Amino acid sequence: MRKEIEQILSPGGAIAESHPFYEHRPGQVQMALAVAGAIKTGRHLCVEAGTGTGKTLAYLLPAIFSGKRVVISTATKNLQEQLFQKDIPFLEKALKRNFSVCYMKGRGNYLCLNRLETIQNAAYLFSPHDPAYLKKIKSWARQTETGDRAELATLPENLTLWQHIDARRETCEGRKCRNFENCFVTRVRQRALESDIVIVNHHLFFADLALRREDFGKVLPDYSCVVFDEAHEIEDVATQYFGVRISNYRLGEFLHDARAALAETGESSELFSRELDRLTEYVKAFFACFWGKEGRYVMRPSGGGSGARRGPAGCGNLDEAYKNLRVQIGAARMAFECLPVKNDNTEALIRRAREMESELAEILESESNEYVYWYEIRGRGVFLQSSPINLAPALSGKLFAEADCVVLTSATLSTGGDFSFIRTRLGIENAEELIVPSHFDFVRQAILYVPRNIPEPREAGWCESAAAEIRALLDASRGRAFLLFTSYAQMRQVYESLRDVVEFPLLMQGEKSKFRLLEEFRGTPGAVLFATSSFWQGVDVQGEQLSCVVIDKLPFAVPNDPVVAARIGRINETGGNAFYQYQIPAATILLKQGIGRLIRNRTDRGILAILDKRLVTKSYGRAFLESLPPAPMTHDQAEIRQFL
């Protein structure tokens, strides 16, 4: 395998012959050989591959030649699609051979034939347009090979109807389902079983990993190797799946499906209807205890007797509301269990009710101190959650101890040239390590600007000073800038300060979809984009159109966020220093991601500006500077203008 990879990536190799803009990259070869060695010998590997390394080909080639089933997990669906629709076909053409590759999404992306048959008989749907949408979906269902929602490009992105016909785990009856053989999830899983390379995203991978010992929900086939691209996002994503989450939306869907199933069975007894009506009222009363201002909040000890042990602060009737809800879910479940004739839908409802009873108890009654219990209010939704404070034990046992080889790669995986942070957070005990420097010449291509004469971000006057700094930077760069903020509020405040005094076209996150904003930015001379977290990572704008990236401040996580606060508390309680062991490394990795938006090829040049003087005035600023690209730093805007 080693000789094949070296030959393919050599200056006269198959890639060079097939790619008109090919550049030989020694770092790419070094990474590819390290990945090949890890897969062959069954070792774990951490690789930080700087911008421009070409890490995609560096892990695809070893995976293809390994002869083993390799799962490749990406942070986004966009990168999944790039791998499957662009990179794999390119390699097949360059190497003149076909590969056994499958592309999988989460269950919610696929149509459920069983639910589609059921909803066809519904007396009403969810909007006046739904009958027309349903007709289009039914026609498409007879033709599609994949059942993938993405094929329905003309349907609205947030179509409520889809939530009632998708193949989510909660409603799945597995092998008991009458449509099991024709099920699109069954089909894609069969394709995966027949494939050597399975391309997924982190959400699907960890949803599957958390359920691998259960009958329902497991989607991925067994594998021996996993490659995580954008591996710095693993902790945040995996946390969502190794806890428990329940919401008013989920209970609302249960009630809707219960009434539909009742009508389908012909059981229309007044007693059964009253049970569901009572459950509807108890759901409203229970979630009303949590209702308030949008945000994320820790659940406090409730002082309740035999009911909830925790809940929102200051809610006196939670105990009674919780008892009523718990009893009534059980009553609805028993009513379905007593039906003389059951079908797939009623069996699924019985299982769903049991799960909700168990999960509510786990969130509100559990005595474990290994989880943080919290709730979020977002729009019309109330989401109750338990999240592991320390994810390392779960990943160490379920992932790193089970897979022969796990490769973690990202442009931002180390801090100060050290992998100890990511290894500690994810529970990696033994792994090879490799840092491949960026292919780009940051000394020549970029300049780092940090103003000294600016208040600290929490001090009065920072926003006005930041707006003045940005205005001068935009004049120097002639627009062509990403302005990246750590909060929506700060973004809007600076935007309002500049909208009438800046001559360049201004775009702001939230006004249009991310795809459309990027499209407009690329196509509008001198455009300036105001954006927050979702534009810090995975965004690629090459050429002069992006010549300046401004970051408002060091991106420390919000310390009173329930999960962040619990992790800080746990580290400090056990004798550590959370600021240096957790907060600074996490912020460093995110800062490196934001800065990585600027230089995307060897001809790019531009300004990196961080409007936070703590980078040079605080002792911990050195920890950030040691991890940044080696661009020359200045505090003088005159040098910025001269550089450009």
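One-quarter of the Cα convex hull surface for segment 346-397, in nm²?
Seen from a random direction, the Cα hull of segment 346-397 projects 5.4 nm² on average.
Using θ = phi - 60° and the Karplus curve 6.51 cos²θ - 1.76 cosθ + 1.60, what whole-Hz ³J(HN,Hα) does each residue of segment 622-629 get, with Gly and Pro shown as x?
4, 4, 6, 4, 5, 9, 7, x
Taking the simple approach of a point 7 Å from Cα along Cα-to-Cβ for both T617 and E17, what is their distance in nm?
6.1
Add -39500 (n - 2.57) for each DSSP H run of 4 or more in the chain, then divide by its residues: what number comes out at 222 nm, to the nearest 500 deg cm²/dmol?
-12500 deg cm²/dmol
Can you give me the distance in nm between label points at T524 and T160, each placed 7 Å from the Cα along the Cα-to-Cβ direction?
Each label point lies 7 Å from its Cα, and together they span 3.2 nm.
Consider just the alpha-carbon atoms of segment 442-643 and return their Rg together with their Dmax, both in angstrom.
Both quantities, over Cα of segment 442-643: 16.8, 54 Å.
Grab the eigenvalues of the alpha-carbon gyration tensor for segment 150-200, scale each by 5, take roots, and send me the semi-axes largest first in whole angstrom. Mind dumping the intermediate values first?
Values: eigenvalues 103, 62, 17 Å².
Square roots of five times the eigenvalues give 23, 18, 9 Å.
Taking each pair of distinct Cα atoms in the chain once, what is the resulting Kirkwood hydrodynamic radius in Å?
Taking the inverse mean of 1/r over all distinct Cα pairs, the chain comes out at 27.2 Å.
By how many degrees, between 0 and 90 and to the nearest 10, does the Cα long axis of helix 130-141 differ from the longest principal axis of the chain?
Between the helix axis and the principal axis of the chain, the angle is about 80 degrees.
Sorted from largest down, what three extents in whole angstroms do the Cα atoms of segment 135-276 have along their principal axes?
55, 38, 32
Against the longest alpha carbon principal axis of the chain, how many degrees, from 0 to 90 and to the nearest 10, is the axis of helix 248-265 turned?
The angle comes out at about 40 degrees.
In this model, which of K55/K514; K77/K514; K176/K342; K553/K613; K77/K398; K105/K136 are farther than 19 Å apart at the alpha-carbon?
On the way: K55/K514 25 Å; K77/K514 14 Å; K176/K342 12 Å; K553/K613 9 Å; K77/K398 24 Å; K105/K136 22 Å.
Those over the limit are K55/K514; K77/K398; K105/K136.
Just the number, please: percent antiparallel of the DSSP beta bridges in the chain, rounded to the nearest 5.
Values: 21 of 68 bridges.
Expressed as a percentage, antiparallel bridges in the chain total about 30.
List the pair-distance distribution P(r) of segment 539-644, using every Cα-Cα distance, as the percent of pairs falling in each 10 Å bin from 0 up to the bin containing the longest distance, rounded to whole percents.
Percent of Cα pairs in each bin: 13, 39, 30, 13, 5, 0.
Using alpha carbons only, how many degrees (0 to 90, rounded to 10) separate the axis of helix 584-595 from the longest principal axis of the chain?
Here the helix axis deviates by roughly 70 degrees.
Dividing the alpha-carbon radius of gyration of segment 32-76 by 2.2 N^0.38 Å (N being the number of residues), what value is obtained?
1.13
Kirkwood Rh over Cα pairs of segment 245-388 into Stokes-Einstein at 25 °C, 0.890 mPa s: D in µm²/s?
Stokes-Einstein gives a translational diffusion coefficient of 155 µm²/s.
Each reported figure results from applying straightforward, stated rules to the coordinates on display, with no laboratory input. Bear in mind the structure is a predicted one, so any value in this text is a computation, not a measurement. Quick reminder, even Gly has a Cβ in these numbers, built from the backbone with ideal geometry, and neighbours come from all protein chains shown.
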